[in-house]
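The values are calculated or read from the model by the stated rules, or taken from the named source; none is laboratory data. Every value quoted in this text rests on a predicted model; they were computed, and no experiment measured them. Note that each Cβ is placed from the backbone with ideal geometry, even for glycine, and that neighbours are counted across all protein chains shown. Accessible surface is based on the protein model in full, side chains and every heavy atom, while ligands, DNA and RNA are left aside. Shrake-Rupley method; radii C 1.70, N 1.55, O 1.52, S 1.80 Å.
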Amino acid sequence: MNATVLTDQFGRRIDYVRLSVTDRCDLRCSYCIPEGFTGFEEPEHWLNFDEIERLIGAFARLGVSRIRLTGGEPLLRRDIAGLAGRIAALPGIDDLSLSTNATQLDRHAQALKAAGVTRLNVSLDSLQQARVEKINGRDVLAKVMAGLAAAQEAGFAPIKLNMVALAGSNDDEIDEMVAFCMERGFVLRLIEAMPMGDTGRNAEYLDLQPVKERLRTQFDLIETTLPGAGPARYLGTADGGFNVGFITPISQHFCQTCNRIRIAVDGTAYMCLGQDEKFEFRPLLRDGCSDAELEAAILGAINLKPERHEFNESPQKILRFMSMTGG
């Protein structure tokens, strides 16, 4: 483990980077990318694999040990397993995970596991075909199920299923999703919709606090923790056979323990989902900066990290879509 500790101005240790490898996605989820959106980043602005490896290597030397590959949909990036292998091999990187909608996962699961990806988060907002098509904009339920089966066959365990809980769209399906995850051995994570871009602000926000208390009582769940660097607060069965996490940026924010930043596909680091502070690494990398200059830039960027988001006070503030920030 790298002895260096990367700390922001509020004393929070930053050891987790969510790295977007593309802002493209093959879905058009109602809370993320709108139908007809064309404002994607130009491919020549994407960080190439050498630039990514160099940037993440610098973060690792400064104490970052956890990397999550995100998008858009990261499996749309050509040779994603090759990139994963390069990142996994970097000194100091102890945990490499990936978030995916799983539509391409059946073709990539074995290669990702072999490359060193240790954990998967899969988006699944419904178990009903018609609802999946409505929420995600595409009829992909069969593809997602095939991807999940391939991931389990490849040896990924546990696999976390991310369900954005939407009032009036899928909130009546939470118990069914709990039963599905219990039966298949998945960890369920329920997520509150965030007001990012017009799609996020138009999402059917559901306060998860009452849901959490209902599930606690109904399934006799207790407070627990799971490996990973994310913000979920978990409940689980006493025997550890089932766990459900709650990601609640609106009803119970987790800013005081935030340990992460996000890097978009163009090398722009966003310090907070709900604020505008950012730093662009691509110009430095393409101007031939030294390792010392790159590390100094990272230290300066971390000091831009704000104390907390303002989703409650200023829900209209963030105009960029979630896919632009990096999941």
### Sole exception among (1) without any contact (Cβ under 8 Å) to a residue 60 or more places away in the chain; (2) part of a loop (DSSP other than H, G, I, E, B); (3) under 21 Å from residue 119 (Cα atoms) for residue 11, by number
(3)
### Message
I'm checking my understanding of the structure. Among residues of the range 40-71 that are in contact (Cβ under 8 Å) with a residue 60 or more places away in the chain and open to solvent by 20 Å² or more (accessible area, probe 1.4 Å), which one is nearest to residue 287 (Cα to Cα)?
### Response
51
### Query
For the subset of the range 16-39 comprising residues that are in contact with a Lys or Arg (Cβ under 6 Å, 6 or more places away or on another chain) and more than 30 Å from residue 168 (Cβ to Cβ), which member is surrounded by the most Cβ atoms within 10 Å (Cβ to Cβ)?
21
### Message
For the range 121-225, give me every one of the helices (runs of 4 or more DSSP H) that falls completely inside it and has 3 or more residues that are surrounded by fewer than 19 Cβ atoms within 10 Å (Cβ to Cβ) and modelled with pLDDT of 95 or more.
### Response
129-136, 141-154, 174-184, 208-218
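Taking the conditions exactly as written (aromatic (Phe, Trp, Tyr) and touching a Gly at 6+ places or on another chain (Cβ under 6 Å)), does residue 31 satisfy them or not?
Taking the combined requirement at face value, the residue satisfies it.
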### Query
How do the pairs read when you match residues in the range 127-154 that are at negative phi with residues anywhere that are of a type in the set (Lys, Arg) and part of a helix (DSSP H, G or I), using Cβ under 7 Å and keeping only pairs 6 or more apart or on different chains?
154/113
#### Entry: Per-region count, the range 266-294, residues out of contact with any Pro (no Cβ under 9 Å at 6 or more places or on another chain), under 22 Å from residue 194 (Cα atoms) and open to solvent by less than 70 Å² (accessible area, probe 1.4 Å)
3
### Query
Does the range 81-114 hold any residues that are of a type in the set (A, V, I, L, M), surrounded by fewer than 23 Cβ atoms within 10 Å (Cβ to Cβ) and over 19 Å from residue 227 (Cβ atoms), and which are they?
81, 83, 89, 90, 111, 114
### Query
Of all the residues that make up the range 233-262, how many are within 26 Å of residue 298 (Cα to Cα) and surrounded by 15 or more Cβ atoms within 10 Å (Cβ to Cβ)?
9
